[in-house]
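**Q** Pasting a structure here, questions to come.
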Amino acid sequence: MGERMSTRFRRERSAVPSARAFVARALGSAGATTETVERVVLAVAEACNNVVFHADGPAFTVSVLVDGGRALVTVADTGAGFDPPDRPTMPAPDATGQRGLALMQALVDDVAVVSHAGGTTVALVHRLAPAGRGRRWRPSADRLTPAVFSGPGGGAGQPGGSVRFERVDRLGLA
């Protein structure tokens with residue numbers, strides 16, 4: 001059985017980069033590839049931003065479990081809860097908000113949301129690449145920014161949509 005790592009963060013915007021770094025280091029120490037770390041960390045950032053902007057309570061918890069070739073990351077809050085959609089869809093390009101769950105689904109293998117009056121937990125599951133496949137994550141590779149664009153079928157989370165990553169230094173933002 002794998003080792004579970006968990007930590008609490010204050011429910012404020014400045015905690016999101018720390019949550020991203022916590023997950024990146026946990027996955028990196030488990031031997032995850034750079035691609036896996038990037039995808040999971042971006043999905044975690046979306047879940048954390050949802051907590052910061054929509055939940056109540058002073059804190060939220062992020063947990064990471066790597067076991068059996070899969071990573072499970074949970075983000076949990078103690079807010080009032082909400083009614084999650086059965087099938088999140090990406091809104092129109094000019095719409096504001098409502099992209100988080102659809103983006104998470106585009107990034108990882110499985111997303112589950114359990115929400116009730118005592119809080120919400122988002123579970124993100126992503127398989128790890130077989131040993132020897134892909135570039136292994138290193139802390140210096142954590143300087144990434146997502147660039148979301150529409151494919152022939154629509155935006156991320158839509159058939160034909162995709163998400164790509166660019167190194168910050170290639171974008172001239174370093």
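Coordinate-derived values only; no laboratory data. It should be emphasised that the depicted structure is a prediction, and the values quoted were computed from it without experimental measurement. Glycine also receives a Cβ, built like all others from the backbone with ideal geometry; neighbour counts cover every protein chain displayed.
**Q** So for each of 61-70, 42-51 I average, over its residues, the number of other beta carbons within 10 Å; can you give me the resulting order with the highest mean first?
**A** Packing order, densest peptide first, comes out as 42-51, 61-70.
**Q** Rank-order 4-10, 25-31 by packing density, defined as the average count of other C-beta atoms within 10 Å over each peptide's residues, highest first.
**A** Listed from highest to lowest mean packing, they are 25-31, 4-10.
**Q** What residues have an amide H closer than 5 Å to that of D67, excluding those fewer than 5 places away on the same chain, when H is modeled at 1.01 Å from N in the peptide plane?
**A** Hits under the 5 Å cutoff: L72.
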